[in-house]
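Undergrad: Here it is, the structure in full.
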Amino acid sequence: MSTSKNIQMILNGTISSLTNVIPVKLDVLAPSITVQPYEQKEISVLIGLVGGIKGRLIIDTSIEDINTIGQAMFGMSIEGEMIESFTGELGNMVAGNLCTLLEKDGLILDISPPTVMTGTTKFYGFKQAFKLPVKIDGGGMLTILLTIDEN
């Protein structure tokens, strides 16, 4: 399969995975290509992708939006050290669900353990990245960043 077809499958699969995992109404906006550095403002989780394509899936959001998602999933506020733990687990759930969806279409991916980053962080080291903005019902935002490494 071509790289562009794989990227399209991953972006579509990510949208499906987000709606499967997050029990909040989501409005996915148009994807765009972005260049380095990408700057995170508050909190994100990075999951490495290897296999049919090599890259990274980054979910960038705010602590307030992580709390909104946690409340929708568990019925309770996510606070303190649980913020980072839940952010990592959310990344695991989305990426794991993505791999399961893609496997049905013949694209086999493995994922790395999640890396949670807090504070202002700049991401470098990618040739190409696709930015997928997602509005969360109630006003919040997730930004999904799919970076692709050259083969």
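The values are calculated or read from the model by the stated rules, or taken from the named source; none is laboratory data. This one's a predicted model, so the numbers in the text were calculated from it and none came from an experiment. With ideal geometry, Cβ positions are generated from the backbone for all residues, glycine too; neighbour counts draw on all protein chains shown. Note: areas computed on protein heavy atoms with side chains; ligands, DNA, RNA excluded. Shrake-Rupley method; radii C 1.70, N 1.55, O 1.52, S 1.80 Å.
Undergrad: If residue 51 passes every condition in (1) without any contact (Cβ under 8 Å) to a residue 24 or more places away in the chain; (2) on the phi > 0 side of the Ramachandran plot but one, which one does it miss?
TA: (1)
Undergrad: Just one of (1) modelled with pLDDT under 95; (2) under 23 Å from residue 100 (Cα atoms) trips up residue 34, so point out which.
TA: Checking residue 34 against (1) modelled with pLDDT under 95; (2) under 23 Å from residue 100 (Cα atoms), the one that fails is (2).
Undergrad: Tell me whether the range 62-81 contains one or more residues that are open to solvent by 30 Å² or more (accessible area, probe 1.4 Å), at positive phi and in contact with a Leu (Cβ under 6 Å, 6 or more places away or on another chain).
TA: The answer is no; no qualifying residue exists.
Undergrad: Could you please let me know if residue 33 is at negative phi and either in contact with a strand residue (DSSP E or B) (Cβ under 6 Å, 6 or more places away or on another chain) or outside any loop (DSSP other than H, G, I, E, B) (or both)?
TA: Yes; evaluated as a whole, the condition is true for this residue.
Undergrad: Tell me whether the range 134-149 contains one or more residues that are assigned to a strand (DSSP E or B), β-branched (Val, Ile, Thr), open to solvent by 30 Å² or more (accessible area, probe 1.4 Å) and modelled with pLDDT under 95.
TA: The answer is no, given that none of the residues of the range 134-149 is assigned to a strand (DSSP E or B), β-branched (Val, Ile, Thr), open to solvent by 30 Å² or more (accessible area, probe 1.4 Å) and modelled with pLDDT under 95.
Undergrad: Kindly indicate whether residue 39 is open to solvent by 50 Å² or more (accessible area, probe 1.4 Å) and part of a helix (DSSP H, G or I).
TA: Answer is no for this residue.
Undergrad: Let me ask something else about it. In this structure, does residue 31 turn out to be surrounded by fewer than 17 Cβ atoms within 10 Å (Cβ to Cβ) and in contact with a helix residue (DSSP H, G or I) (Cβ under 9 Å, 6 or more places away or on another chain)?
TA: No, not satisfied.
Undergrad: Looking for something without any contact (Cβ under 8 Å) to a residue 60 or more places away in the chain, within 22 Å of residue 6 (Cβ to Cβ) and not hydrophobic (A, V, I, L, M, F, W, C) - is there at least one such residue anywhere in the range 63-82?
TA: no
Undergrad: Could you grab me the full set of residues in the range 89-105 that are under 15 Å from residue 115 (Cα atoms) and either in contact with a helix residue (DSSP H, G or I) (Cβ under 9 Å, 6 or more places away or on another chain) or surrounded by 19 or more Cβ atoms within 10 Å (Cβ to Cβ) (or both)?
TA: 90, 91, 93, 94, 95, 96, listed by residue number.
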